[in-house]
1. Using the Kirkwood radius over C-alpha pairs as Rh, can you work out the diffusion coefficient of region A:135-282 via Stokes-Einstein at 37 °C, viscosity 0.692 mPa s, in µm² per second?
2. Got a sec to turn the phi values of region B:169-177 into Karplus ³J(HN,Hα) couplings, 6.51 cos²θ - 1.76 cosθ + 1.60 with θ = phi - 60°, whole Hz, x for Gly and Pro?
3. Would you mind working out the magnitude of the charge dipole of region B:22-284 relative to its Cα centre, with +1 at each Lys and Arg C-beta and -1 at each Asp and Glu C-beta, to the nearest 20 Debye?
4. Could you check the simple spin-label distance between B:PHE220 and B:TRP259, using points 7 Å along Cα→Cβ, in nm with one decimal?
5. Under the Karplus relation 6.51 cos²θ - 1.76 cosθ + 1.60, θ = phi - 60°, what is the ordered set of whole-Hz ³J(HN,Hα) values for region A:93-99, x standing for Gly and Pro?
6. Farthest toward the dipole's positive end in region B:22-284, which of B:VAL78, B:ALA124, B:SER219, given Cβ charges of +1 (Lys, Arg) and -1 (Asp, Glu) about the Cα centre?
7. For the Cα atoms of chain B, what angle does the longest principal axis make with the long axis of helix B:18-39, in degrees from 0 to 90, nearest 10?
8. Please compute the net charge surrounding B:SER249, taking Lys and Arg as +1 and Asp and Glu as -1 over other residues with Cβ under 11 Å from its Cβ.
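The values are calculated or read from the model by the stated rules, or taken from the named source; none is laboratory data. A quick note: this is a predicted structure, and the numbers were derived from the prediction, not measured. Positions of Cβ are backbone-derived with ideal geometry, glycine not excepted, and every protein chain shown enters the neighbour counts. Just so you know, the surface numbers come from the protein's heavy atoms only, side chains and all, with ligands and any DNA or RNA stripped out. Shrake-Rupley method; radii C 1.70, N 1.55, O 1.52, S 1.80 Å.
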Amino acid sequence: MPGAIHAEGLVKTFGDVRALDGVDLDVPTGTVLGLLGPNGAGKTTAVRVLTTLLQPDSGTAHVAGIDVLKRPNEVRRSIGLSGQFAAVDEYLTGRENLQMVGQLYQLSARVAKIRALELLERFHLADAADRPAKTYSGGMRRRLDLAAALVVSPPVMFMDEPTTGLDPRNRQQLWEVIEELVSGGTTLLLTTQYLEEADRLAHDICVIDHGKVIARGTSDQLKARTGGERVEVVVQDRDLLATATEVMTGFAKGEAKVERQMRRITVPVTGGAKLLAEVIRELDTRGIGIDDIGLRRPTLDDVFLSLTGHAAEEADSDEETPGGSGPDAATGTGTGTGTGNGNETEEAAR
Amino acid sequence: MTTATATDQTLAPRPAGGPLQAAHDSLVVAKRNLIRMLRIPEVVIFGLIQPIMFVVLFSYVFGGAIPVPGQHGSDPSVYRNYLMAGIFAQTVTFATAGAGAGIADDMHKGLIDRFRSLPMARGAVLTGRTIADLVQTALTVVVLSIVAVIVGWRVHNGVFDTLAAFGLLLLLGYAFSWIGALIGLSVRTPEAATSGGLIWLFPLTFISNAFVPTSNMPSFLRTIADWNPFSATVQACRQLFGNPTGIVSHAWPMQHPAWASLIWSVVIVLVFRTWSVHKYRTAAA
Ligand SMILES: Nc1ncnc2c1ncn2[C@@H]1O[C@H](COP(=O)(O)OP(=O)(O)OP(=O)(O)O)[C@@H](O)[C@H]1O
Ligand SMILES: [Mg+2]
């Protein structure tokens, strides 16, 4: 059964730019798809096509089982949209904005009013409800826009970078709202630049670049593809680096990478936390003091960088990778991400 | 949901459609635009100052200098009474620029995207805007009439004819706001919509019988002026107000100005509404 959002072969060009170049998407009902990709990849264009705002040059799309191209107005009844840039009327108050949207969703004036109040409270805008939106901060506008997308609790939602510009607390709260919606059966297509967000919310992730899907799968699948676990050690004494490397190589599944200046050794491993404990014990036995040690797993950032970095180079040199079989593009590019800057996955203290 | 006052059932969008929904949606949008006008009163105020300035300038600066052929006497009040219908008509056509700028602004700010993603009646965003502009125009006309009476303008044919004249004026303004809507949808910025919405109004309002009698124009311009929808409305108003008309051309619209005005306005609404709504639906902001 095709999902609540289903698209095949979407193509959209703007002059020379192929913003969408044969995109297939399927989002099963009640799940979240995270659409990732660098700036200009075509994420917003995809959202605009799926929300009836833009006619694709070719391809088909169904939302909630309805043909987007043939019956756009029926699709509009089933979707909520929060675009990349907050679309609220600056001169209307928050309350007026939401009431207007409710009425345009064909709610009665009374219900629209009640609903506006609920949403204002839920998005912590109740205090500012009767101020024109132009007096709102960027994050408040963003929240008002998101509230507008939720006025009728539509079965299918589209959010284009919903948490851009939100502070950590509001981001956290929005995630909770989204999780609540999804547990209620809403299907969501979410674009984001925050990979942590995709990791937390999305059941499936789809990475696009240059209008093509270059990888898809669950967050774990994508991470596994980018490369496995590594143990990273920073030794106290640079003179013991060689000994330590020897020890580490004993546990490694591949070649050790040594950064002398940083006194850091990184080795690929399998075995997780248990192995980490063994490494610590062994280093201790040999009398090698350590400043820091940790088990690193690839983050979505690693996945993103390796995928899109690779794809970008490839697109310049040859056009060999077809849109759908992108996953292969991920293999063998695990290097370059090994430095683990700020990858705070399961750090084990000394 | 924490506060489930509006239950999921009532939140399901009602399947609707047809003219009732179109009227409802248009009114919701019109209300929104009227609220905006109240919050940006400068726009309304400048909209008022301009025609008042015209009344005062034309009445006192040109008043004695422009004779109205066919009217005896060089009393400036003759020209003032002749002029007023022209100023009224010019004032209502300026609704064009407002509609255009407003719609371009909505496109620019992404609001049109929000509207286009909602299950609204097709033309409601534009109809709502033009209705709001009509309200503003009506307000301007009321204030302008008062100023006109102060400088000596009078009507002579009773309430019905006077209201009919104002009806034709507002209809013309409404028709022109659809042209403005199309301009607003076609340009990229509100600034372009404002200037684009204004420039063509100058030839339109000046190659007409609004300020000077057409009898003095070269025959080529005179033909244009006689068939100008703007002239028809001006002429109709002069007749209905019982104001001086000058020498009236034999061209059909000048002989049947009320009908000509009505037909022109209806045709403009039909053509430009259809065109604008089509453009709205396919516009990629
Ligand atoms: N209306 C338009 N006219 C011309 N080019 C466009 C238009 N809309 C998008 N593009 C181009 O299409 C490509 C994809 O744009 P899109 O907005 O979909 O990217 P995105 O993935 O959303 O990027 P970002 O992360 O920066 O939001 C870009 O190269 C952009 O310049
Ligand atoms: Mg975007």
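1. Working: Rh = 19.0 Å.
This corresponds to a translational diffusion coefficient of 173 µm²/s.
2. 4, 5, 5, 4, x, 5, 4, 5, 5
3. Details: 17 positive and 10 negative charges, 130 e Å.
Taking the Cα centre of region B:22-284 as origin, the dipole is about 620 debye.
4. According to this spin-label approximation, the distance is 3.1 nm.
5. Working through the residues one at a time gives 6, x, 5, 4, 4, 5, 5 Hz.
6. B:ALA124
7. Around 70 degrees separate the two axes.
8. On the way: positive: B:ARG222; negative: B:ASP226.
Its environment carries a net charge of 0.
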